[in-house]
Amino acid sequence: MDAFLVSTGIVGLAEIGDKTQLLAFLLAARFRRPLPIVLGIFVATVANHAFAAAVGALVSQLLGAGVTRWVLGLSFLAMAAWTMIPDEIDEEEAQLAKYGVFLTTLIAFFVAEMGDKTQVATVALAARYESMAAIVAGTTFGMMLANVPAVYFGERIANRVPLRLVHGIAALIFAVLGIATLLGMGEGLGF
């Protein structure tokens, strides 16, 4: 349950103000059809984060516990710093409208998520925790918690969320995880 809750919290917070959330705002404004957008986000996230979790689990197996601990600890600290950098969206990522709302959202989200903070976080979390299913479920739930309101309520809530505070909280969580991992506080989990 820890893996699910930590994954949900980290990704949910990290996603606020992220480029994929900006993409959700853009798609909602452009198409005004929330259900296929939400379904596209869900399918793209599950596919992307399942791949990322598999990579994280593989990295953990290949490197061994000692090296993995240092790589994870430093990765979490890097994620803390990266979370504080605001994202922007490229107009190219939203110009797939010829494929319909669902497929446009699915393709745009999958591509936008490649190498994104939340995908990298999913890799690190999957390397840290043993349950890939809990990580994918948690990171997907976190993405949906941040993006579904963006699709349905858009601009009405965008200006009310203090992005700097949310990013600061997410960065703090990443930093605590990084320090705890480097100090060996996950030894019971093999780190």
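Just so you know, all these numbers are worked out from the coordinates, no wet-lab data involved. Keep in mind it's a predicted model, so treat the numbers as computed, not measured. Because the Cβ atoms are built from the backbone with ideal geometry, glycine has one as well, and the counts that use them run over all protein chains shown.
Listed values, structure above:
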item	result
Peptides ranked, highest mean first, by Cβ atoms within 10 Å: ranges 29-39, 12-22, 114-124	12-22, 114-124, 29-39
Förster radius 25 Å - calculated FRET efficiency between residue 180 and residue 153 (Cβ-Cβ, nearest 0.05)	0.10
Note, ³J(HN,Hα) from phi for segment 134-145, Karplus 6.51, -1.76, 1.60, rounded to Hz, x at Gly and Pro	5, 5, 4, 4, x, 5, 5, 4, x, 4, 5, 4
Theoretical FRET efficiency, 1/(1+(r/R0)^6), r = Cβ-Cβ of residue 103 and residue 5, R0 41 Å, to 0.05	0.80
Computed E for residue 85/residue 29 - FRET, C-beta separation, R0 41 angstrom, nearest 0.05	0.95
Computed lengthening from residue 74 to residue 39, 0.36 nm per intervening residue step minus Cα-Cα distance	9.2 nm
Summed residue charge, Cβ within 12 Å of residue 49's Cβ, Lys/Arg positive, Asp/Glu negative	-3
